[in-house]
Amino acid sequence: FYFFSVFFLMIRPPPRSTLLPYTTLFPSSNVDNNLVNNNSLDGIYLYDVLNVSISSNTVSNNNNGINSDYGFSVSVNVTVMNNTVNNNIKSGIMISGNQDLVVTDNLVENNSNGIQTINTWESNFTFNIISNNSFTGFILDGTSNYDNYVANNSISANGYGLIAINSAYNNTIEMNNF
C-alpha cells in the first residue's frame, strides 16, 4: 500500500481522431493503491474515458470521492472496486453518463450520498457496503438510467436506503440488505 496524497487526479483521454479508433488513442488506465484526500474538488475524476480500473484506493475528505462523468460521449468499461470512500462532502461515488460500469466490493460511508448514478446503463453495482451516508445510500436518477443490476449490497443506516427517480427504469434491484 503506497501512502501519498494526490492533489487532484483527473483521467481524460486525448482529443479524438477521426483517423484512429477511440481504443487506439486511450486503451486503458489503472488507478491503484493511492491515498486521495483533502481536495477542494473531486478526489478522482474521470471524464469521457474507456477501460479504466480504479482499485484499492482510500478516497476521503473531498467534494465527491470518485466521479466518472461524461462530456461529448460516455465513459465505457470503468471498474471501481475494493476502494474505501468516506467523509466526502457530496457523493462517495458519483457516476454520470456511463455504460458497462462495474462498482463492486467498495466501502462507501459517511458521505452525503453513498453511490449516485445519473443516466447510467448496463452497469453492475454489487457487494458494496454503503452505510452512514447522511442523505441516501444509493440513487438511480435520470431518464437514461436503465438495465442496471444492483445486488448483494449492504445498504444501511443512511437517510434513505435507495431512491429511484426521474424515470429510472428496467433496473434489477435484488438480494440487497437494507
### Cα-based convex hull volume of region 119-174 per residue, rounded to whole Å³
63 Å³
### Task
First check a/c for region 60-105, with a ≥ b ≥ c the square roots of the eigenvalues of its C-alpha gyration tensor; if it is under 1.5, answer rounded, and if not, answer prolate when a/b is larger than b/c or oblate otherwise.
oblate
### Task
Assuming R0 = 22 Å, can you tell me the calculated FRET efficiency for the pair ASP105 and THR143, based on Cβ-Cβ distance, to the nearest 0.05?
0.15
### Message
If you count only protein heavy atoms and use a 1.4 Å probe, how large is the accessible surface of THR143, to the nearest 10 Å²?
### Response
90 Å²
### Query
What shape does region 63-178 have by the C-alpha gyration tensor, where a ≥ b ≥ c are the square roots of the eigenvalues, rounded means a/c under 1.5, and otherwise prolate means a/b greater than b/c and oblate the rest?
rounded
### Summary
Counting Lys and Arg as +1 and Asp and Glu as -1 over every other residue whose Cβ sits under 11 Å from the Cβ of ASN67, the net charge comes to -1
#### Entry: ASN34 long-range amide H proximity, modeled H, under 5 Å
ASN57, THR58
### Task
Name the shape class, rounded, prolate or oblate, that the alpha-carbon gyration tensor gives for region 42-128, where a ≥ b ≥ c are the square roots of its eigenvalues, rounded holds for a/c under 1.5, and otherwise prolate holds if a/b is larger than b/c and oblate otherwise.
prolate
### Message
On a 1.4 Å probe surface of the protein chains, which of ASP48, ASP32 comes out largest in accessible area, and what is the full order?
### Response
ASP32, ASP48
### Query
Can you pull out the GluC sites (Glu not before Pro) in region 102-178 that DSSP calls coil and that have at most 13 other Cβ atoms within 10 Å?
GLU122
### Query
Any idea what log10 I(q)/I(0) is at q = 0.18, 0.20, 0.25, 0.26 Å⁻¹ for region 78-132, Debye with uniform C-alpha scatterers and no solvent?
-0.52, -0.64, -0.96, -1.02
### Query
How much length is gained if the chain between ASN124 and ASN152 is pulled fully straight, taking 0.36 nm per residue apart and subtracting their Cα-Cα distance, in nm to one decimal?
9.0 nm
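The values are calculated or read from the model by the stated rules, or taken from the named source; none is laboratory data. As the structure is a prediction and not an experimental result, all values here were calculated from the model. Quick reminder, even Gly has a Cβ in these numbers, built from the backbone with ideal geometry, and neighbours come from all protein chains shown. Surface areas here come from the heavy atoms of the whole protein model, side chains and all, with no ligands, DNA or RNA. Shrake-Rupley method; radii C 1.70, N 1.55, O 1.52, S 1.80 Å.
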